[in-house]
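Beneath this line is the structure, given in structure tokens, with notes to follow.
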Amino acid sequence: MHRLLICSMLLLSTTGSFAQKDKSKRPSPPAATQCSFADGKKMTIDYSQPSMKGRKIYGGLVPFNTEWRTGANEATTFVTESDVTIGDTKVPHGSYTLYTLPAEAGWKLIISKKTGQWGIPYPGKEFDLARIDMRGSKTEGPVEKLLISLKPSNDSCNLSIDWEQTSAQVDIRESSAK
């Protein structure tokens, strides 16, 4: 009887851990966005989508002037199949982690060379490939879930980070494109 109880407990705990691996069941589920250039090479961003849930986001949950994980759970990844120019900064093809530095006066996109980590803590400036200025604006209305998007625009893709009532944007061009 004792062995049966132990086996049942192990089975239940194992079943529970498999359920935890289903990331779509998380309070901040996974999301992704991608954009392709004319030559077919693409960029992809994978992140998790936290919700406002009635909270003050910028200047509250996400402090100003502090590096932010830009999502939830695992760190937000950025993979590009070709060399790109983000704003005025050249970024070689490869895999990176995205962080941002939200501020009332303007945002910076942080491209980190350190990959494979959980979203926090921020690994440090020594891993930064670049800090790139972003344009800020207000959204048309509240955005409940963090939304990161890559949208084609002429010969580039526009990266937009929208949440609460804030949108931060920067253009990404393929470096070899003329």
Only helices counted: for the chain, with every DSSP H run of 4 or more residues adding -39500 (n - 2.57) and the sum spread over all residues, [θ] at 222 nm is -3500 deg cm²/dmol
Computed over region 82-178, the Cα gyration tensor eigenvalues, each multiplied by 5 and square-rooted, give semi-axes in Å (largest first) of 21, 19, 12
Taking the square root of 5λ for each eigenvalue of the C-alpha gyration tensor of the chain, the equivalent ellipsoid has semi-axes, largest first and in whole angstrom, of 34, 20, 16
Ignoring ligands and nucleic acids, Leu150 exposes an accessible area, probe 1.4 Å, in Å² to the nearest 10, of 10 Å²
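For a test of the definition: using alpha carbon positions, the gyration tensor, and the 1.5 limit on a/c, classify region 63-117 as rounded, prolate or oblate.
oblate
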For Lys125, the aspartates and glutamates lying under 17 Å Cα to Cα, once residues fewer than eight places off in the same chain are dropped, come out as Glu67, Asp133
With Cα coordinates, the longest principal axis of the chain makes an angle with the long axis of helix 2-20, in degrees rounded to 10, of 10 degrees
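The values are calculated or read from the model by the stated rules, or taken from the named source; none is laboratory data. Not measured: the values here are computed from a predicted model. Each accessible area value is taken on the protein alone, full model and side chains, heavy atoms only, with ligands, DNA and RNA left out. Shrake-Rupley method; radii C 1.70, N 1.55, O 1.52, S 1.80 Å.
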